[in-house]
Amino acid sequence: MASQEVRTDRPIVVDATGHIAGRLSSHVAKLLLQGNRVSIINCEKIMLSGTRSNIIKEYRDFLKINSIIHPKHGPVHYRRPDTMITKMIRGMLPYGKKPSGVAAHKRLRAYIGSPRELKPLEKIQFEKAKIARSASEYTTMGELGSVIGWTR
């Protein structure tokens, strides 16, 4: 039987509350490429900049894209906030190009809320990724998800 490597290193836990999605994704992608394990909590509280109606319209247009020949084989459109941010981060990694991108993506975990096993760990936030204006001027991923079909 092959020996399995037991990892004792703790993941970097990122509290995504009040972060802009794209900036958060770039910071997390950088950490993943450096070889760190990253867990993102509170994915439903990630902010999207822009007007709410425009964000919803663009995502609904994105949902219409599929394969005419076999729609099940077309692009997968996620509606849960944790899977949406995972796919956003995957786009910032060399996922289909290099083995390092695939390995980095495997070290990523995203959660809705805060799971019990991550509560005692220290949480970090990226100051450069935080929202600059009032929270009412942004749309959360939870709001977007519930509008496009995510049922909690």
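The values are calculated or read from the model by the stated rules, or taken from the named source; none is laboratory data. The structure displayed is predicted, hence computed values, not measured ones. A quick note on method: Cβ atoms are made from the backbone with ideal geometry, for glycine too, and the neighbour counts reach across all protein chains shown. Areas reflect the complete protein model, heavy atoms only, side chains present, ligands, DNA and RNA absent. Shrake-Rupley method; radii C 1.70, N 1.55, O 1.52, S 1.80 Å.
The figure for Tyr95 is an accessible area of roughly 90 square angstrom, using a 1.4 Å probe on the protein chains alone. The relative contact order of the stretch 1-102 comes to 29 percent, based on Cα pairs under 8 Å that sit 6 or more residues apart. The fraction of Cα-Cα pairs per 10 angstrom bin, counted from 0 for the chain, comes to 10, 36, 35, 15, 4, 0 percent, rounded to whole percents. Shape of the stretch 36-93 from the C-alpha gyration tensor: oblate (a/c of 1.5 or more and a/b not above b/c, with a ≥ b ≥ c the square roots of its eigenvalues).
If you take the square roots of the eigenvalues of the alpha-carbon gyration tensor of the stretch 97-137 and sort them as a ≥ b ≥ c, do you get rounded (a/c under 1.5), prolate (a/b over b/c) or oblate? Verdict is oblate for the stretch 97-137. Heavy-atom accessible surface of Asp9, to the nearest 10 Å², is about 70 Å², with a 1.4 Å probe and all protein chains retained. Of the residues Ser146, Ser67, the one with the largest accessible area comes first in the ranking Ser146, Ser67, computed with a 1.4 Å probe on protein heavy atoms. Legend: residues Leu144, Leu63, sorted from most to least accessible area (1.4 Å probe; ligands, DNA and RNA excluded), read Leu63, Leu144.
Neighbours of Thr151, meaning other residues whose beta-carbon lies under 12 angstrom from its beta-carbon, give a summed charge of +3 when Lys and Arg score +1 and Asp and Glu score -1. For the stretch 1-108, the solvent-accessible area with a 1.4 angstrom probe is 62 square angstrom per residue. With an a/c value of 1.5 or above and a/b larger than b/c for the gyration tensor axes a ≥ b ≥ c computed over the alpha-carbon atoms, the stretch 64-135 is described as prolate. Protein heavy-atom surface of the chain, 1.4 angstrom probe: 53% of the accessible area is carbon and sulfur, with nucleic acids and ligands not counted. Taking all protein chains as they are arranged and a probe of 1.4 Å, the heavy atoms of Ile112 leave approximately 70 Å² accessible to solvent. Between the stretch 79-100 and the stretch 108-152, the alpha-carbon centres lie 16 Å apart.
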